[in-house]
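Notes to accompany the following structure.
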Amino acid sequence: MSKDNRVAVITGGASGIGFGIAQAMQQAGYAVVLVGRDENRLAEATRKLGSQAAWRRADVGNRREVQEALTQLNKVDVLVNAAGFTRSVSLSTPIEEAEADWDALVDANLKGSFLMAHVAAPLLASPGGRVINIGSIGAQTGGSRPGSLAYAAAKSGLHGLTYALARELAPRAITANAVAPGFIADTGFTGGWPRDRIAAIVAETPMARPGTPADIAGAVLWLASEAGSFVTGAVIPVNGGWRIG
């Protein structure tokens with residue numbers, strides 16, 4: 001990657017929403033660096049993206065691994081924190097299991113975004129850098145059914161982190177925002193959901209369809225562009241109206 005490239009670092013970029021964002025950023029002229037835990041998936045995703053893509057292996061919840069992943073970069077124009085996963089944690093989950101799952105979900109969905117932003121901050125283009133966190137409608141609703149205690153709390157924390165980052169980065173003319181997806185089909189999160197559950201969600205969605213990774217990527221591209229330069233500290237809902245449906 002040449003020094004003249006605009007560089008987008010995307011965590012969780014090897015699949016699902018993250019990969020959709022990586023494709024869109026590359027098509028918009030960015031060199032993309034994918035960060036994740038699975039080297040095989042990272043290598044395959046990078047192969048699909050082509051020569052203007054690279055990958056770094058890191059567990060985003062591990063400070064040393066995050067530091068090592070970004071150590072060779074000279075600059076970052078856009079940081080997209082899309083890494084995360086969900087797992088059912090409810091009040092009926094045995095407490096030992098619930099605590100372990102809580103810690104894992106907070107590390108992946110919240111702590112990882114904090115560590116990435118902290119380590120990337122000195123590298124962010126100033127003026128004009130962007131931090132874009134991928135939140136969730138679950139932060140606003142508590143999830144569509146019981147079992148979202150840890151995930152909803154972690155994503156709510158991510159939204160709060162976004163507001164705080166916006167305050168800290170604004171003096172350098174860097175924006176920080178979040179995109180909060182609704183139901184996005186055919187991702188690692190939702191690929192195994194029963195058809196009746198998906199049908200029920202679509203029935204509650206005014207736009208009458210599931211979302212796609214491209215829908216989320218469109219919002220990310222806008223926030224990354226000059227057109228989004230006066231938007232900071234915002235959580236952009238991309239859910240087809242499900243929140244009001």
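The values are calculated or read from the model by the stated rules, or taken from the named source; none is laboratory data. Keep in mind it's a predicted model, so treat the numbers as computed, not measured. Glycine also receives a Cβ, built like all others from the backbone with ideal geometry; neighbour counts cover every protein chain displayed.
Please specify each residue of the range 225-243 satisfying the condition of being touching a Ser or Thr at 6+ places or on another chain (Cβ under 9 Å) and assigned to a helix (DSSP H, G or I).
Start the filter on the range 225-243 by keeping residues that are touching a Ser or Thr at 6+ places or on another chain (Cβ under 9 Å), which leaves 228-235, 239-243.
Hit for the range 225-243 is Gly228, nothing else.
Go through the range 195-224 and give me each residue that's over 14 Å from Val80 (Cα atoms), in a helix (DSSP H, G or I) and free of Cβ contacts under 8 Å to residues at least 60 places away in the same chain.
Of everything in the range 195-224, those that are over 14 Å from Val80 (Cα atoms), in a helix (DSSP H, G or I) and free of Cβ contacts under 8 Å to residues at least 60 places away in the same chain turn out to be Arg195, Asp196, Arg197, Ile198, Ala199, Ala200, Ile201, Val202, Ala203, Asp215.
Determine if the range 166-174 includes at least one residue that is touching a strand residue (DSSP E or B) at 6+ places or on another chain (Cβ under 7 Å), over 23 Å from Ser15 (Cβ atoms), part of a loop (DSSP other than H, G, I, E, B) and among the β-branched types (Val, Ile, Thr). Reasoning before the result, please.
Within the range 166-174, the subset touching a strand residue (DSSP E or B) at 6+ places or on another chain (Cβ under 7 Å) is 166, 169, 174.
Within this subset, residues satisfying the condition of being over 23 Å from Ser15 (Cβ atoms) are 166, 169, 174.
Still in the list and also part of a loop (DSSP other than H, G, I, E, B): 174.
Those still in the list that are among the β-branched types (Val, Ile, Thr) too: 174.
Within the range 166-174 (the criterion being touching a strand residue (DSSP E or B) at 6+ places or on another chain (Cβ under 7 Å), over 23 Å from Ser15 (Cβ atoms), part of a loop (DSSP other than H, G, I, E, B) and among the β-branched types (Val, Ile, Thr)), the answer is yes, since at least one residue qualifies.
Could you check the range 119-160 and list, in sequence order, the residues that are surrounded by 21 or more Cβ atoms within 10 Å (Cβ to Cβ), among the aliphatic types (A, V, I, L, M), modelled with pLDDT of 95 or more and under 24 Å from Ala100 (Cα atoms)?
Passing the criteria: Ile134, Ala150, Ala152, Ala154, Leu158.
Restricting to the range 204-230, and then to whatever is surrounded by fewer than 14 Cβ atoms within 10 Å (Cβ to Cβ) and over 17 Å from Ala8 (Cβ atoms), can you tell me which residue is modelled with the highest pLDDT?
Going through the qualifying residues, I end up with Phe230.
Suppose the filter is closer than 21 Å to Ala234 by Cβ and part of a loop (DSSP other than H, G, I, E, B); does Ser113 pass it?
no
(1) at pLDDT 95 or above; (2) under 18 Å from the mean Cα position of the chain (by Cα); (3) basic (Lys, Arg): which one isn't true of Arg87, the others all being true?
(1)
Since Gln23 meets every condition but one in (1) farther than 21 Å from Arg130 by Cβ; (2) out of contact with any Phe, Trp or Tyr (no Cβ under 6 Å at 6 or more places or on another chain); (3) surrounded by 18 or more Cβ atoms within 10 Å (Cβ to Cβ), which condition does it not meet?
(1)
Among Val32, Val66, which is within 18 Å of the chain's Cα centre (by Cα), part of a helix (DSSP H, G or I) and modelled with pLDDT of 95 or more?
From the options Val32, Val66, the qualifying one is Val66.
Would you be able to say whether some residue in the range 21-29 is under 20 Å from Pro127 (Cα atoms), in contact (Cβ under 8 Å) with a residue 60 or more places away in the chain, assigned to a strand (DSSP E or B) and more than 14 Å from the chain's Cα centre (by Cα)?
No, the conditions are met nowhere in the range 21-29.
Residues in the range 167-203 that are surrounded by fewer than 21 Cβ atoms within 10 Å (Cβ to Cβ) and modelled with pLDDT of 95 or more: how many?
6
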